[in-house]
Amino acid sequence: QVQLVESGGGLVQPGGSLRLSCAGSGTIFRFNAMGWYRQAPGNQRELVARISDGGGTAYTDSVKGRFTISRDNGKNIVYLQMNSLKPEDTAVYYCHAQRVSSEYWGQGTQVTVSS
């Protein structure tokens, strides 16, 4: 059974940094794409960043220049380095992985940006 386990969320002041990690287990295959979504109260879940197994990346406009996604293909681990955090980045962040036609989600980790 494939599982994604996130870590690294928490409370940080505006302008601060956090690093999220997500480790996939239960498969010997490399995920085709991995990424991070987020959902704030009252909002729909949105894509934050994604990375292909070839290293291609994509970001939502609001995080470009502040967030960096990376992955360790050998271990099916994806990271999200978040710098210059803003209160509007507050949300539950979910790890996502895709292999062929299958999709997987983590349980979510809370990120709160507040003074």
- Quick one: is ALA58 closer than 18 Å to VAL113 by Cα, within 15 Å of the chain's Cα centre (by Cα) and at pLDDT 95 or above? no
- For GLY74, which of the numbered conditions (1) outside any helix (DSSP H, G or I); (2) open to solvent by 60 Å² or more (accessible area, probe 1.4 Å) fails to hold? (1)
- Of the residues in region 53-69, those that are among the basic types (Lys, Arg) and either under 13 Å from TRP36 (Cβ atoms) or surrounded by 13 or more Cβ atoms within 10 Å (Cβ to Cβ) (or both) come to ARG66
- Message: Restricting to region 85-115, give me the number of residues that are of a type in the set (Gly, Ala, Ser), within 16 Å of the chain's Cα centre (by Cα) and under 18 Å from PRO14 (Cα atoms).
- Response: 1
- Query: Quick check, is GLN107 touching a residue at least 40 places away in the same chain (Cβ under 8 Å) and loosely packed, with under 14 Cβ neighbours inside 10 Å?
  - Reply: yes
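Kindly check whether there is at least one residue in region 85-104 that is outside any helix (DSSP H, G or I), touching a strand residue (DSSP E or B) at 6+ places or on another chain (Cβ under 8 Å) and without any contact (Cβ under 8 Å) to a residue 12 or more places away in the chain. If you could, list the steps in order and put the result at the bottom.
We begin by selecting, within region 85-104, every residue outside any helix (DSSP H, G or I); these are 85-86, 90-104.
Cutting the leftovers down to touching a strand residue (DSSP E or B) at 6+ places or on another chain (Cβ under 8 Å) gives us 85-86, 90-98, 103-104.
Of the ones still in play, those that are also without any contact (Cβ under 8 Å) to a residue 12 or more places away in the chain are 103.
Taking every residue of region 85-104 in turn, at least one turns out to be outside any helix (DSSP H, G or I), touching a strand residue (DSSP E or B) at 6+ places or on another chain (Cβ under 8 Å) and without any contact (Cβ under 8 Å) to a residue 12 or more places away in the chain.
Looking only at strands (runs of 3 or more DSSP E) that lie completely in region 1-52, which have at least 2 residues being among the charged types (D, E, K, R) and open to solvent by 50 Å² or more (accessible area, probe 1.4 Å)? Explain how you work it out, then say what you get.
Details: elements: 3-7, 10-12, 18-25, 33-39, 46-52.
In region 1-52, the matching strands (runs of 3 or more DSSP E) lie at 46-52.
The values are calculated or read from the model by the stated rules, or taken from the named source; none is laboratory data. Every value quoted in this text rests on a predicted model; they were computed, and no experiment measured them. All Cβ positions, even for glycine, are placed from backbone atoms using ideal geometry, and neighbour counts span all protein chains on display. All accessible areas refer to the heavy atoms of the entire protein, side chains included, with ligands and DNA or RNA removed. Shrake-Rupley method; radii C 1.70, N 1.55, O 1.52, S 1.80 Å.
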